[in-house]
Structure formats: structure tokens, C-alpha cells
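The values are calculated or read from the model by the stated rules, or taken from the named source; none is laboratory data. These figures come from a predicted structure and were not determined experimentally. All Cβ positions, even for glycine, are placed from backbone atoms using ideal geometry, and neighbour counts span all protein chains on display. Surface areas here come from the heavy atoms of the whole protein model, side chains and all, with no ligands, DNA or RNA. Shrake-Rupley method; radii C 1.70, N 1.55, O 1.52, S 1.80 Å.
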Amino acid sequence: MSHAHGYAAQSAHSPLAPFSFERRAPGPHDVRIDILYCGVCHSDLHTARDEWHNTRYPSVPGHEIVGRVTAVGSDVRNFKVGDLAGVGCIVDSCRSCPSCQAGEEQYCDAGFTGTYNGPMFGGGENTYGGYSDHVVVDEKYVLRVSHDTDNPGSSPEQTLAAVAPLLCAGITVYSPMAHWKVGPGQSVGVVGLGGLGHMAVKIAKAMGAHVVLFTTSESKREDGKRLGADEVVISKDAKQMEAQGSKLDFIINTVAASHNLDPFLNALKRDGAMVLVGAPEHPHPTPTVFNLIMRRRTIAGSLIGGIAQTQEMLDFCAKHGIVADIEMIAPAQINQAYERMLKGDVKYRFVMDLAKLDKAA
Ligand code: NAP
Ligand code: ZN
Ligand code: ZN
């Protein structure tokens with residue numbers, strides 16, 4: 001066992017505070033990673049505040065982890081001490097069901113083990129995530145970070161911190177875009193310019209699509225273009241929404257709150273699909289069925305991505321020089337960061353610098 005320090009919520013209504021706990025000693029297949037950076041996902045906030053009604057407390061969120069390997073078990077083949085490593089949302093799964101066999105561990109029939117909010121296989125234990133100083137993970141669920149950290153204009157540390165959000169935000173938008181075969185010649189809508197949305201704009205553009213960003217925030221218009229959007233639509237403006245009627249092949253909807261889906265469905269062409277990845281606390285009030293049947297439109301959902309595809313996404317982003325736009329915070333600033341995230345006041349992902357963790361607890 002090793003003593004770990006981190007930040008935890010003790011209940012839905014208490015702010016996150018310093019927390020210490022034990023991690024298992026690395027088993028034969030395990031990698032121990034000292035965490036350098038951890039992205040702050042809106043799912044962390046939903047979980048810390050029990051908005052999905054399934055939170056196990058204490059809750060140590062964080063599933064966008066980049067760190068350095070400090071120990072490996074005797075049977076570990078793919079990592080050695082000193083390597084950079086990433087951990088995303090999944091740290092275990094049954095490994096034998098059809099989804100696991102297909103490399104889609106996120107849809108494991110037995111339910112995958114989340115990096116936080118457990119439970120562990122074969123026991124009721126909780127798992128604790130990346131708002132902490134180190135983590136121990138089976139190498140099968142550990143990712144390789146292949147970004148070039150030798151960039152003009154960005155220190156190696158900044159680059160690594162900006163890679164962290166790819167481990168959830170990146171894969172969550174990459175996976176459905178790969179599944180629905182987004183590519184050149186297609187028009188792709190991205191709804192919401194937050195952590196997931198800004199990654200979707202960058203990745204859709206790198207896949208060769210014409211990208212239309214839908215945002216509620218007029219102030220994000222210029223940023224949307226800078227990030228790669230060909231068009232920016234203010235979604236609160238009915239006229240601008242109507243002008244997009246039946247134009248898009250595919251939409252990825254990242255909005256973290258309940259909203260009317262119909263204006264976005266109307267933007268889809270015949271046979272177009274809108275994939276919901278945003279996971280709001282309360283259900284959406286729509287769609288109106290006629291908006292689906294009139295043009296054989298599809299509405300679908302998608303959950304993060306499997307381990308092999310997460311590696312594929314990291315390598316794709318490394319090749320295209322894609323990282324997140326981040327604002328670095330110390331762990332002690334996490335509660336303030338959550339409040340700003342709720343106001344849409346983040347450009348475009350908070351990343352926690354674990355070197356600044358107060359280990360007094
Ligand atoms: P985020 O950074 O907070 O971004 C959400 C964006 O949605 C905002 O920036 C905002 O963009 C837009 N928005 C519009 N109205 C909103 C409202 N009333 N409240 C909040 N946002 C509103 O969140 P994120 O980390 O990208 O996560 C987005 C959602 O995806 C969350 O629900 C999260 O739990 C979920 N998620 C799902 C998966 C999955 O596997 N499916 C994985 C990760 C996260 P504009 O200002 O541009 O309008
Ligand atoms: Zn996430
Ligand atoms: Zn399985």
C-alpha cells in the first residue's frame with residue numbers, strides 16, 4: 001500500500017477538500033504513475049455533486065491524467081520507470097464480454113470500472129481519481145503519450161498539461177466522429193464550446209470536415225474561428241438557426257444542461273445524425289418526433305471510447321499537433337473552478353497542476 005494525497009468531496013453539498021487515502025501496491029500487471037496534471041471534466045462536477053444519483057463518497061474525481069511511471073509490476077511489458085503515461089476514464093473491465101472483446105470496454109456488459117466512483121471488480125470498493133498525487137493502474141488500461149514536447153512557443157510542461165484533457169474530452173468526441181465516419185466533404189456541427197466542444201472543433205477540422213460551431217455565447221465567436229470553425233452560429237438566435245436548416249451531415253452535442261434539441265435536429269440533412277455526448281442532470285424536453293421522421297434523421301448517444309481507440313486518438317492528435325486550450329489551476333482552486341465552469345467561464349479546460357498539491361492532510 002502507498003499513502004496518497006488528493007482532493008475529495010465528502011457529500012453532494014460539501015466543497016472538495018484535502019483528503020488522504022491508501023492506494024494498492026503495484027501487482028504484477030500494474031503501473032504506478034505519479035500524476036503531473038489532471039484535467040477538470042464537467043463529469044467530475046456532476047459526480048462530486050451527485051447529479052447523476054450514483055456517487056460513492058468520499059469522491060476523488062479526475063479522469064484526464066498525465067503522469068510519469070515510478071514503478072512497474074514484474075509482468076509489465078509496455079511501460080518502464082520514467083515513461084510518460086496517460087490514464088483516462090476506464091481502469092478495468094470484465095475483459096471477456098463481446099464489448100470488451102471488441103475493444104469497446106466502455107460498453108462492458110459487467111460495467112467498466114471507472115477511474116473514480118468505482119466500484120472495483122469483485123468488491124464494493126470505491127476508486128479514486130486523478131485529483132491526487134499518484135495512481136496504480138493495470139497496464140492494459142494505461143495509455144502512451146506520444147506528443148512531441150519539444151515545441152517552440154510552449155514548454156514541455158505546458159504541452160503535457162494540455163494533453164491531459166484528451167484522455168476524456170478528446171476521446172469522447174473522437175469516438176463518435178470516427179464511428180460516424182466524419183471526413184472531407186462533410187459538414188459537421190458542434191454544439192457547445194466547452195471542454196468537449198473545443199476538442200470537437202479541432203478534431204473535426206483535422207478530420208477534414210467543414211465545421212459549424214453552435215454556441216450560446218457571443219463572446220466565443222472569434223475563439224470558435226481561431227480553434228478551427230468555418231462558421232459560428234449563435235444558437236439563441238432563431239434566424240441564424242433557421243439559416244442552417246438541413247445543411248449538416250452530423251452534429252455532436254456536448255451541452256451539459258437540458259435544452260431544446262429541435263432547432264439542432266432541423267439543421268440535419270436527410271439521413272443526418274446528432275450524437276448526444278453531454279450528460280445533463282435533467283432530461284431534454286424534446287425531440288419532436290416529426291423532426292426525426294421527415295428526413296429519416298437519427299438521434300444517438302455515445303460514451304467516451306475504448307482503450308485502443310483512445311490510443312488511436314492520442315496518436316492522431318500527436319500527429320496533427322492537437323492539444324487542449326487550458327487554464328492551469330492549483331488543486332486548492334478546484335471549487336472556484338467548478339463555479340466558473342457552471343458559468344461557461346473557462347477557456348476551455350481547467351487542468352490541475354499536482355505539483356501544487358498541499359500534502360498537509
Ligand atoms: P463544459 O466545459 O462545462 O462545456 C459545456 C458547454 O455547454 C458550455 O461551455 C456551453 O457552451 C454549453 N452550454 C450551453 N448552455 C449551457 C448550460 N445551461 N449549462 C452548461 N453548459 C451549457 O463541459 P464538458 O466538460 O465539455 O462536458 C460537457 C458534457 O459532456 C457534461 O454533461 C459532461 O458530463 C458530459 N460528458 C460526457 C461524456 C460521454 O462519454 N458521453 C464524457 C465526458 C463528458 P457555449 O457557451 O458555447 O454555449
Ligand atoms: Zn470526463
Ligand atoms: Zn466486458
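Please report, as a whole percent, how much of the solvent-accessible surface of the stretch 184-266 comes from carbon and sulfur atoms (probe radius 1.4 Å).
That fraction is 51 percent.
For the stretch 171-238, take N as its residue count and report Rg(C-alpha) divided by 2.2 N^0.38 Å.
1.02
Give, as a single signed number, the net charge of other residues whose beta carbon lies under 14 Å from the beta carbon of P98, with Lys and Arg counted +1 and Asp and Glu -1. Walk me through the numbers before you get to the answer.
Working: positive: R95; negative: E104, E105, D109.
So the environment of P98 carries a net charge of -2.
Run the reach check for K220 against aspartates and glutamates, Cα to Cα strictly under 15 Å, same-chain hits fewer than 8 apart removed. What comes back?
Filter leaves D230, E231, D237, D325, D345.
For D358 and A279, what is the calculated FRET efficiency with R₀ set at 41 Å and r taken between the beta-carbons, to the nearest 0.05?
Values: r = 31 Å, r/R0 = 0.75.
E between D358 and A279, to the nearest 0.05, is 0.85.
For the charge dipole of the chain, defined by +1 on Lys and Arg C-beta atoms and -1 on Asp and Glu C-beta atoms about the Cα centroid, which residue among H53, N260, A355 has the Cα displaced farthest towards the positive pole?
Of the candidates, N260 comes out farthest on the positive side.
Along the charge dipole of the chain, which of T298, V201, A243 sits closest to the positive end, that is, farthest toward it, with unit charges on the beta carbon of Lys, Arg, Asp and Glu (+1, +1, -1, -1)?
After comparing all options, I get A243.
Apply 1/(1 + (r/R0)^6) to the Cβ-Cβ distance of W52 and R226, taking R0 = 35 Å, and write down the FRET efficiency to the nearest 0.05.
0.60
Where only protein heavy atoms count, and the probe is 1.4 Å, what is the accessible area per residue for the stretch 1-91 in Å²? Write down the numbers at each step before the final one.
Values: 3580 Å² over 91 residues.
Accessible surface, normalised per residue, equals 39 Å².
How big is the charge dipole of the stretch 169-301 about its Cα centre, in debye rounded to the nearest 20, if each Lys and Arg gets +1 on its Cβ and each Asp and Glu gets -1 on its Cβ? Don't skip to the end; give the middle numbers.
Details: 15 positive and 11 negative charges, 64 e Å.
So the dipole magnitude of the stretch 169-301 works out to roughly 300 debye.
How many times 2.2 N^0.38 Å is the alpha carbon radius of gyration of the stretch 169-301?
So the Cα radius of gyration is 0.93 times the expected 2.2 N^0.38 Å.
Check F350: other-chain or 5+ apart residues with amide H under 5 Å from its amide H, H built from backbone geometry?
V40, E327
If you take every DSSP beta bridge whose two residues both sit in the chain, what share of them, in percent to the nearest 5, is antiparallel?
55 percent
Rounded to the nearest 500 deg cm²/dmol, what is the calculated helix-only ellipticity per residue at 222 nm for the chain, with -39500 (n - 2.57) per DSSP H run of length n ≥ 4?
Dividing the helical sum by the residues of the chain leaves -6500 deg cm²/dmol.
Any chance you could get the radius of gyration and Dmax over the Cα atoms of the chain, in Å?
Just the Cα atoms of the chain yield Rg and Dmax of 19.9, 63 Å.
Placing +1 at every Lys and Arg Cβ and -1 at every Asp and Glu Cβ, with all other atoms neutral, what dipole size does the chain have around its Cα centre, in debye to the nearest 20?
760 debye
With the other protein chains left in place, how much accessible area per residue, in square angstrom, belongs to the stretch 169-301 at a 1.4 angstrom probe?
That works out to 42 Å² for each residue.
List the GluC sites (Glu not before Pro) in the stretch 76-182 that DSSP assigns to loop (not H, G, I, E or B) and whose Cβ has at most 13 other Cβ atoms within 10 Å. Which are they?
The qualifying sites are E125.
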